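First the structure, in the form of C-alpha cells, and then the observations on it.
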Amino acid sequence: MNIKNVVVIGSGTMGSGIAAQLCNANVPVTLLDLKTEFSEKAKKRIFESRPPLLIDKNRIKNIKVGNIDENFDVVKKADWVVEAVVERIDIKHSLYEKILKIRKKDSIISSNTSTIPLKVLSEKMSDEDKKDFCITHFFNPVRYMGLLEIVSEITNDSKKIDFLKNFCEDKLGKGVIICKDTPGFLGNRVGVYAMQVAMTEAIKMQLGIEEADAVFGRPMGIPKTGVFGLYDLIGIDLMADVLKSFIKELPKSDVFHEVAEEIPLVKNLIDTGYTGRKGKGGFYRINKKDGKKVLEAINLISKDYSPSKKIDLNIDEKVNLKELVLRNDKYGKYAWSVISKIILYASSLVPNVTKDYNNIDEAMRLGFNWTKGPFEMLEELGVKFFVEKDSDLKINKFIEELYAKKTETFYGKRQIYTNLETLGKVKQLAKISKDNKSAFTYEYKDCKIVEFNTKANTLDYDSMNALKRASDKNLIIINEGMQFSAGVNLNYVMNFAKEKNWKAIEKFINHFQMTCKHLKYSDNVVVSAPSGLALGGGFEVLVQSDYVVAHTNIVTGLVETLVGLIPAGGGTTNMLWRWMQTQEAKKDPDFAPQKVFDIIGYGKTATSPLEAVPFKFLLEKDKSIMNRNKLLSVSQDLINKKKDGYKPPKKPTFKLSGSQVRGKMYQTLEKLFKEKKILEHGMEVGKKLAFVLSGGNTTVNKELSEDDMYALELDAFVKLIEMKNTQARIKHTLSTGKPLVN
C-alpha cells in the first residue's frame, strides 16, 4: 500500500492546515467543501498565510479544490480520505455513508475530531469498514505543531494503523502517538486540564492574570503565553466548547469536572464578543490611548481592564521546579497547587488511558510545546519530596507504588513513540558535561554534541566557549528547544553598554568571530542541525558550519539592522563570499556587495530551507528534513560519510571596489530616506553596513583577507553599539519584541 492521493473534506482551519502539510510533503491533495468557493478561499488563505503554512509557495499547485456535490468522485481514487468538517455527529455520519459507498478498496478513512469518540463516529459502520477507519487528530497550526494522535481500537487493522503512523512520521514530519479511544485522547486530556487548573487556581488565589501567566509559563517550562494568553490565542469560545465535550464524555468521578464548570467571567466575555485575539480581545486586549496602542489586562475580580503589568519573579531564566514550588510567597503556593494537581491528574490516567506515561509527556512536548511533561516534573521534584511536601494531597495508586519503591529515578527511556535515534534518547546515554551554564556538551560515539540552553538559546561568551572546546571532535550543534538560537544575547551586550564598557563588548564580539572561524577551519566536520529560529548570531554559527541539516520549520537570516547593528560574527563576510561565487559576481565586482547589502539591510528572512537557498542562507549541499526527530541521525550519517579525508575549506580573499560600490549603496539609502522608509538612524546603520561590504578604504585591485573583513565588521558593530539610537532600538526590542524605527 502507498499514499499517493489524498482527499481532505472540510476547508476550515484544520482541513486547510492538513492539506497544506500534505502539499509540503509533495502529496497531491483535493480539498472539498460544501461550495467550491469555500475551498478556493481556503487555498488562497494557505497561500497568503502568516506564519506560512507552506514551506514553498510553489507547493500550492499540489492542491486541487472542489465541492462535495459535484466533485465527490475524487474519493474513488483516494488512498486516504481525511474528514475535517464541523463537530456534529449527524453531519459526519452522513458524510461517512457517502465515502464508504464509493471509496476504493483498502483506502484509509480518518476524522480530525478532537472531541467525539471513535466508537461514536464508527457506530454505523460495518466491521469491515471499521478496520480502515481511525481518528487522526492533528494540532493547530498543523505545519508547526509536532503532535499527531492516531486513535485506534481493536476493531482496526493494526498493520494499516502502523503504515499510517510511519507515513505521517516520515512524510508529514509528525510525532505520532497511538492513543486509546478515551475523551481528549492524551494531549488535550492533560493539556486542557492543566489550563483549567491554572485558571481556576489563579481565580481562587486572587492573582492577576499577568502574575498567573508569569508563573504558568517559562518558570514551569511552558510557553510564555501562560494560561490566559493561551486562552486568548486558541479562542475563549472554542475552549468553552471543548470543556462542554469533556463534561459530556467524562465519568462524573473524574476530577476534571472540578475545573471544567462554567466560569461567569468567561461566559460574560464570550457574550460580549471578547472571544480572544480573533474577537475584540479577551483576558488581554489592545486599547488606544492618546493615539498609542496599549496592552490591557482584565482584573479577575472587578472585571475592569487596565494597562498590563510586567511581572518580575526575580528568578533564574532556567527552569528549577523545586525552587519555584518552595518559594514562601503567593507565586510559590500557586506553582505548587498547579503542578501538584497536574502531576496527580496525569498519573491517574495510567494505565487505563495509557500504559506508557512517557507518551503523556511527549504529547505535552509535541502538542503544547512544554519542555517537561508531568512525569519529568515529578522526577525532577523527587517522588519523596512530592509525597511528603503536602499531607493534604490525595496520592493515587501510581504515585503510591513509586513512593513505596523508595527510588527517585523511575523514568526509563524517553520518546518511546518513535524508533528514531533522537537527541532526547541519546542524552540519556551520552557522557555529559554540564560545567558550562549556557550550553551542555555530550560525547556520543565518535562525535560531540553541543546543546544551547539559555532563554531562546541566545548566545554569550559561555556558549561560544562550549563550541570551541567541543570542536576537538566531529561536532553536531543541535537542541530540543523551540529555537536553535535567536541570536546573540542582547541583554548580555547591553549590560556592558550601560557601563560604557566598550572594550568588553569588543572582546566578546571578537571572541564570537574567532570561535565561528575556528569551527569553520577545524580539522573535524561541524554540522549544525537547526529547528525554529536561527537568526543573527544563530545564523552565523550555521553559515560557518561545514553542513546544515535543517528542519523544514526554520526561520533564518541576519536581522541585526533592525536593532541598529550589523552582523559581526562573520555573517556579513561569509554571506558576501557566498554571493561572490555566482556567475553574476564574476562579471560584475559590485554585484555581490549590493546583493548582500539588500539582504542584510532589509533584515530579510526565510521561513523554510527551500526559501533559504535563493538567499544563500543555505547551500545545495545542505539538507532539509521534514521530521525533527531525524535531525540527529541524518547529521550523524553525514559526518560518517564526510569524516574520512576531510579537509577544511580554503580561506577566501576579497577584491572589492570600495567607494565605487559604496556610492551606489548610498544612493539606495538616500532614496529610502526621501521616501521615509528609513529615518536618521536607519541611514547611519546603512552607511556602516555599506562601508563593510564595500571593503572600506580599498580598491578593486587590492586584496583583502577574511581577517580584514572581520576587522571591518567588528569596528562597525562597536561604533554602532556606542550610539544612543542603537541602544534605544535594542531596549525597545527587548521590552516589546518589536523593532523601533528611529
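Yes or no, residue by residue, for (1) more than 24 Å from the chain's Cα centre (by Cα); (2) not hydrophobic (A, V, I, L, M, F, W, C):
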site: ILE161; (1), (2): yes, no
site: THR182; (1), (2): yes, yes
site: VAL192; (1), (2): no, no
site: GLY217; (1), (2): no, yes
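Could you check segment 1-36 and list, in sequence order, the residues that are surrounded by fewer than 23 Cβ atoms within 10 Å (Cβ to Cβ), farther than 19 Å from TYR96 by Cβ and small (Gly, Ala, Ser)?
Scanning segment 1-36 gives a single hit, ALA25.
When you go through ASP232, ASP237 one by one, which is the residue that is under 30 Å from MET626 (Cα atoms), assigned to a helix (DSSP H, G or I) and either at pLDDT 95 or above or not polar (S, T, N, Q) (or both)?
ASP232
Write out, first by first residue and then by second, each pair whose Cβ atoms fall under 8 Å of each other, whose residues are 6+ apart or on separate chains, and whose first residue, in segment 572-587, is touching a residue at least 12 places away in the same chain (Cβ under 8 Å) while the second is crowded, with 23+ Cβ neighbours inside 10 Å and among the polar types (S, T, N, Q).
That search, which allows pairs on different chains as well, returns ASN574/GLN544.
Write out, first by first residue and then by second, each pair whose Cβ atoms fall under 9 Å of each other, whose residues are 6+ apart or on separate chains, and whose first residue, in segment 250-269, is in contact (Cβ under 8 Å) with a residue 12 or more places away in the chain while the second is of a type in the set (A, V, I, L, M) and in a loop (DSSP other than H, G, I, E, B).
PHE256/LEU250; ALA260/LEU250; LEU265/LEU300
What number of residues in segment 393-417 are within 24 Å of SER253 (Cα to Cα) and not hydrophobic (A, V, I, L, M, F, W, C)?
5
Would a scan of segment 685-702 turn up a residue that is among the β-branched types (Val, Ile, Thr), within 33 Å of the chain's Cα centre (by Cα) and not assigned by TED's automatic domain parsing to the domain that holds LYS517?
yes
Does LYS434 satisfy the criteria of being of a type outside the set (S, T, N, Q), in the same structural domain as LEU632 (by TED's automatic domain parsing) and over 21 Å from the mean Cα position of the chain (by Cα)?
Yes; evaluated as a whole, the condition is true for this residue.
Step by step: first the residues of segment 149-182, then only those that are buried (at least 20 other Cβ atoms within 10 Å of the Cβ) and out of contact with any strand residue (DSSP E or B) (no Cβ under 7 Å at 6 or more places or on another chain), then the one that is farthest from ARG628 (Cα to Cα). Which residue is that?
PHE167
Within segment 510-520, is even one residue touching a His at 6+ places or on another chain (Cβ under 9 Å) and aliphatic (A, V, I, L, M)?
no
Which one of the conditions (1) in the same structural domain as LYS455 (by TED's automatic domain parsing); (2) in a helix (DSSP H, G or I) does THR573 fail to meet, given that it meets all the rest?
Result: THR573 passes all but (1).
Examine segment 530-547 for a residue that is in contact with a His (Cβ under 6 Å, 6 or more places away or on another chain) and among the hydroxyl-bearing types (Ser, Thr, Tyr), and state whether such a residue exists.
Yes: one or more hits.
Can you name the condition, by its number, that ASP390 falls short on among (1) surrounded by 15 or more Cβ atoms within 10 Å (Cβ to Cβ); (2) of a type outside the set (Ser, Thr, Tyr); (3) within 22 Å of ASP254 (Cβ to Cβ)?
(1)
Looking at the structure I just gave you, is LYS427 surrounded by fewer than 19 Cβ atoms within 10 Å (Cβ to Cβ), out of contact with any strand residue (DSSP E or B) (no Cβ under 8 Å at 6 or more places or on another chain) and either assigned to a helix (DSSP H, G or I) or not assigned by TED's automatic domain parsing to the domain that holds MET145 (or both)?
In short, no.
For segment 609-660, how many residues meet the condition of being over 22 Å from GLU706 (Cβ atoms), among the polar types (S, T, N, Q) and in contact (Cβ under 8 Å) with a residue 40 or more places away in the chain?
6
How about segment 455-570: which helices (runs of 4 or more DSSP H) wholly inside it have at least 3 residues that are farther than 26 Å from PRO614 by Cα?
Once the helices (runs of 4 or more DSSP H) in segment 455-570 are filtered for at least 3 residues that are farther than 26 Å from PRO614 by Cα, what remains is 461-470, 490-498, 502-520.
Which numbered condition trips up GLY663, out of (1) surrounded by fewer than 19 Cβ atoms within 10 Å (Cβ to Cβ); (2) in contact (Cβ under 8 Å) with a residue 12 or more places away in the chain?
Evaluating GLY663 over (1) surrounded by fewer than 19 Cβ atoms within 10 Å (Cβ to Cβ); (2) in contact (Cβ under 8 Å) with a residue 12 or more places away in the chain leaves (2) as the failure.
Give the residues of segment 131-157 that are among the aliphatic types (A, V, I, L, M) and either in contact with a Leu (Cβ under 9 Å, 6 or more places away or on another chain) or within 18 Å of LEU230 (Cβ to Cβ) (or both), sorted by residue number.
Hits for segment 131-157 are ILE135, VAL142, MET145, LEU147, LEU148, ILE150, VAL151.
Every residue, every condition in (1) touching a Gly at 6+ places or on another chain (Cβ under 8 Å); (2) on the phi < 0 side of the Ramachandran plot, yes or no:
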| site | (1), (2) |
| --- | --- |
| LYS503 | no, yes |
| ALA534 | no, yes |
| GLU560 | yes, yes |
| GLY564 | no, no |
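Of everything in segment 638-664, what is in contact with a Ser or Thr (Cβ under 7 Å, 6 or more places away or on another chain), of a type in the set (A, V, I, L, M, F, W, C) and part of a helix (DSSP H, G or I)? Give them in sequence order.
The answer is VAL661, and nothing else.
Return a yes/no flag: does segment 85-93 have any residue that is more than 29 Å from the chain's Cα centre (by Cα) and either at positive phi or surrounded by 17 or more Cβ atoms within 10 Å (Cβ to Cβ) (or both).
yes
Evaluate segment 569-586: report whether one residue or more is at pLDDT below 95 and surrounded by fewer than 24 Cβ atoms within 10 Å (Cβ to Cβ).
Yes.
Filter segment 31-60 down to the residues that are part of a helix (DSSP H, G or I) and either without any contact (Cβ under 8 Å) to a residue 12 or more places away in the chain or touching a Pro at 6+ places or on another chain (Cβ under 7 Å) (or both) and list them by number.
Correct list: GLU37, LYS44, GLU48, LYS57, ASN58.
Can you go through ASN465, ASN474, ASN453 and tell me which one is at pLDDT 95 or above and surrounded by fewer than 24 Cβ atoms within 10 Å (Cβ to Cβ)?
Result of the check over ASN465, ASN474, ASN453: ASN465.
Which number in (1) within 22 Å of LEU233 (Cβ to Cβ); (2) more than 25 Å from the chain's Cα centre (by Cα); (3) at pLDDT below 90 marks the one condition that VAL319 misses?
(2) is the only condition that VAL319 fails.
Given the conditions (1) farther than 30 Å from PHE452 by Cβ; (2) assigned to a loop (DSSP other than H, G, I, E, B), and given that ASN314 satisfies all but one, which numbered condition is not satisfied?
In the conditions (1) farther than 30 Å from PHE452 by Cβ; (2) assigned to a loop (DSSP other than H, G, I, E, B), ASN314 misses (1) alone.
Return yes or no: is LYS372 charged (D, E, K, R), under 20 Å from GLN428 (Cα atoms) and at pLDDT below 95?
yes
Name the residues in segment 596-615 that are charged (D, E, K, R) and part of a loop (DSSP other than H, G, I, E, B), would you?
LYS604 - this is the single residue of segment 596-615 that is charged (D, E, K, R) and part of a loop (DSSP other than H, G, I, E, B).
Going through segment 322-381 one residue at a time, which ones are outside any helix (DSSP H, G or I) and hydroxyl-bearing (Ser, Thr, Tyr)?
Correct list: THR354, THR371.
The values are calculated or read from the model by the stated rules, or taken from the named source; none is laboratory data. Since we're looking at a predicted model, the values are computed, not measured. Every residue, glycine among them, receives a Cβ derived from its backbone with ideal geometry; neighbour counts consider all protein chains shown.
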